[in-house]
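For reference, the structure is listed below as structure tokens.
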Amino acid sequence: MNLHEMKTSTKAEKADFLIKNGKIINVFTKEIIEDSIAVTNGIIVGIGEYEANVVIDADGKYISPGFIDSHVHIESSMVLPSEYAKTVLPHGVTTVITDPHEIANVAGVNGIKMMLDASENIPLDVRVMLPSCVPATSLERGGAVLYAEHLEPFMSHPRVLGLAEVMDYPSVMAMEKQMMDKLNLAHKYQKPIDGHLAGLTKNEINAYSYAGISTDHECTNVQEVLERLRVGMYVAFREGSAARNLKDLLPAVNERNAGRIMYCTDDKHLDDIMKEGSIDFCIRTAIEYGIHPVTAYSMATLNPATCYGLKQKGAIAPGYEANFVFLSDLELVEITDVWCKNEFIVRNRQNINFIKNEESKLIESKLSLGDIKIEDFELKTDSQTFANIIEINPNSIVTNHIIDKITIENNSFKPSAKENLCKIAVIDRYHSEKELGLGIVKGLNLIDGAIATTVAHDSHQLIVAGMNDEDMYVAIKTIEEMNGGIVVVSSGKVIVKLSLPIGGLMSNQSAEEVEAGLHQIENSMLKIRPNNTFNAFLTLSFLALPVIPSIKITTKGLFNVNEFKFIPVLVNE
């Protein structure tokens, strides 16, 4: 307890600031209260009339606690934490609970250190959950492997909250030693554990809950939400760029269970945040779908704070951090100003007083593809004309496993715009020896050319999809020259590219520059993909994640997630 803060709370001394004439959202009693807020040393010391050195007139605006994103990978924004902060703070997000497993899959403990260092001394409060599955499964080979002994030194870091999403459910169910060591590590330090329960059965959900895994952000329908709530889990409703589940899940919310529900963005590109928002978009959508406004705000504030033991966050009350969002319209979530501890960070919808972190040592990537030749992309068929195919569900990271007839030319698979079938390859970028997995994708909507990127969850190998081998080869060689990034190719020529030199995942440019680059990519894609109803690169990046049903692809080939085994591309009729 701070003596000066206590004195100002008792009115024995003046507060630093008094914010008056505001309509305070009280997330405890679910009501709006017209009163003043006294702040000293960045902490709320009282609600009511106080003397203060500085008085700020809220001019009748609503005041909410700062929003909390309950699960996010900052790397997926493609910018460093300071630039990410500039992007989300105007949307009212003052705290994020991030899992740096993207950069950890590339660079291991050095990646975690980089993200911790790069998020120091910025207005956004970045709390970290330590990656539990690097690689995502024991069947993959990425840039690093993390065991419990690698994670334990981070457990004492003041901004580390616990263990991040446990994706490798077969290892949990088999009680595999390395996974048990990580779960026990979290229990040893009394830290929360995040879940990743995509497609799990009731028995597997029970086992996860017994193991102390207390959250899930992978629900796709109301029944899955209720199953998790009934075993005591918190559920995060996700609205990212590729996975958009919010509207499907909101019917599960009622006043009896709302206290166990929160929001997250998980993987959301910078341009999508700028275009539609972050957690503010979730609140706005919840209200539109009939959730009581104060309940909708509580799901963005008190609920995640309670879930993760952030005792001084999530509410406007004495003893809580002074993180406020000022709103001109409660239901439309129109944000005008954002206050963090002792100052306005956003004023009149513009960032001010922004501190950029320049101290962190950045990790640069160096691709090592081996002796890749254009012939490696040929998919020989012999006499077989049927194939196991990855079918895309638009705006979802869940795929369908279908078996269908394919077009053959010169004893090789020929992509078909008419059938909406293209070729896909995942290439090892970390090791000098060549390793390449080939497959077929239905529904990516390419009619020509090729696209490639080193953003390929979670091992972040090089992934490429295309309508011909020549353009696919040009795409991967361009990515290699850039040491990571995104590229679009047509007729043997690069029509647009974006360099991501930091681990092949992030740019060292400003948020505005990266947003402009992403916009240029989106426009250029219309040349080879006129049916642009969902984000092609976000969708492509998740086709390499072998823990999301039903079928995915790795450097070792097609992977049946439901049966957890590799399968051939070609099948007998």
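The values are calculated or read from the model by the stated rules, or taken from the named source; none is laboratory data. Owing to the predicted nature of the structure, the values given are computational and were not obtained by experimental measurement. Cβ coordinates were reconstructed from backbone atoms using ideal geometry, including for glycine residues, and neighbour counts include every protein chain displayed.
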- Among the candidates Asn531, Asn468, Asn445, Asn535, which residue alone is over 23 Å from Val106 (Cα atoms), of a type outside the set (Val, Ile, Thr), in the same structural domain as Pro394 (by TED's automatic domain parsing) and in contact with a His (Cβ under 9 Å, 6 or more places away or on another chain)? Asn535
- Which of (1) touching a residue at least 40 places away in the same chain (Cβ under 8 Å); (2) not in a helix (DSSP H, G or I) is the odd one out, the single condition Thr8 does not satisfy? (2)
- Query: Of the residues that make up segment 70-87, is at least one surrounded by fewer than 21 Cβ atoms within 10 Å (Cβ to Cβ) and acidic (Asp, Glu)?
  - Reply: no
- Output yes when any residue across segment 43-60 is under 22 Å from Leu310 (Cβ atoms), of a type in the set (Asp, Glu) and in contact (Cβ under 8 Å) with a residue 24 or more places away in the chain, and no when none is. no
- Kindly check whether there is at least one residue in segment 232-248 that is of a type in the set (A, V, I, L, M, F, W, C), touching a Leu at 6+ places or on another chain (Cβ under 9 Å), assigned to a strand (DSSP E or B) and over 27 Å from Ile47 (Cβ atoms). yes
- Note on the structure: Per the filter on segment 376-427, residues of a type in the set (Val, Ile, Thr), touching a Ser or Thr at 6+ places or on another chain (Cβ under 7 Å) and either surrounded by 15 or more Cβ atoms within 10 Å (Cβ to Cβ) or assigned to a strand (DSSP E or B) (or both) are Thr381, Ile390, Ile392, Val398, Thr399, Ile406, Ile408, Val426, Ile427
- Query: Among the residues of segment 453-462, is there at least one that is over 17 Å from Gly142 (Cα atoms) and among the hydrophobic types (A, V, I, L, M, F, W, C)?
  - Reply: no
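Each row is one residue, and each column tells you yes or no for (1) touching a Pro at 6+ places or on another chain (Cβ under 9 Å); (2) free of Cβ contacts under 8 Å to residues at least 60 places away in the same chain; (3) within 27 Å of Asn105 (Cβ to Cβ).
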site	(1), (2), (3)
Ser368	no, no, yes
Asn393	no, yes, yes
His401	yes, no, yes
Ile408	no, yes, no
Ile424	no, no, yes
Ser459	yes, no, yes
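Okay, residues lined up against (1) acidic (Asp, Glu); (2) touching a helix residue (DSSP H, G or I) at 6+ places or on another chain (Cβ under 7 Å):
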site	(1), (2)
Asp248	yes, no
Leu270	no, yes
Ser278	no, yes
Lys311	no, no
Ala317	no, no
Phe326	no, no
Asp337	yes, no
Cys340	no, no
- Message: Being among the basic types (Lys, Arg) and not in a loop (DSSP other than H, G, I, E, B) is the requirement here; does Lys552 meet it?
- Response: yes
- Query: If Thr8 satisfies every condition in (1) surrounded by 23 or more Cβ atoms within 10 Å (Cβ to Cβ); (2) within 21 Å of Val325 (Cα to Cα); (3) over 36 Å from the mean Cα position of the chain (by Cα) but one, which is the exception?
  - Reply: (2)
- Those strands (runs of 3 or more DSSP E) completely within segment 429-500 that have 3 or more residues that are closer than 19 Å to Ala242 by Cα and either in contact with a Lys or Arg (Cβ under 8 Å, 6 or more places away or on another chain) or aliphatic (A, V, I, L, M) (or both) are 462-466, 485-490
- Selected residue (criterion: nearest to Met129 (Cα to Cα)) from residues of segment 273-282 that are part of a helix (DSSP H, G or I) and in contact (Cβ under 8 Å) with a residue 40 or more places away in the chain: Ile279
- Item | Residue that is farthest from the chain's Cα centre (by Cα), among those in segment 307-319 that are in contact (Cβ under 8 Å) with a residue 40 or more places away in the chain and surrounded by fewer than 19 Cβ atoms within 10 Å (Cβ to Cβ) | Pro318
- Query: Within segment 497-549, restricting attention to residues that are over 30 Å from Val134 (Cβ atoms) and of a type in the set (Gly, Ala, Ser), which residue is surrounded by the fewest Cβ atoms within 10 Å (Cβ to Cβ)?
  - Reply: Ala516
- Query: Regarding Gly108, is this residue surrounded by fewer than 24 Cβ atoms within 10 Å (Cβ to Cβ) and either in the same structural domain as Ala243 (by TED's automatic domain parsing) or at pLDDT below 95 (or both)?
  - Reply: yes
- Within the bounds of segment 201-211, is there any residue that is closer than 22 Å to Tyr263 by Cβ, in a loop (DSSP other than H, G, I, E, B) and in the same structural domain as Asn257 (by TED's automatic domain parsing)? no
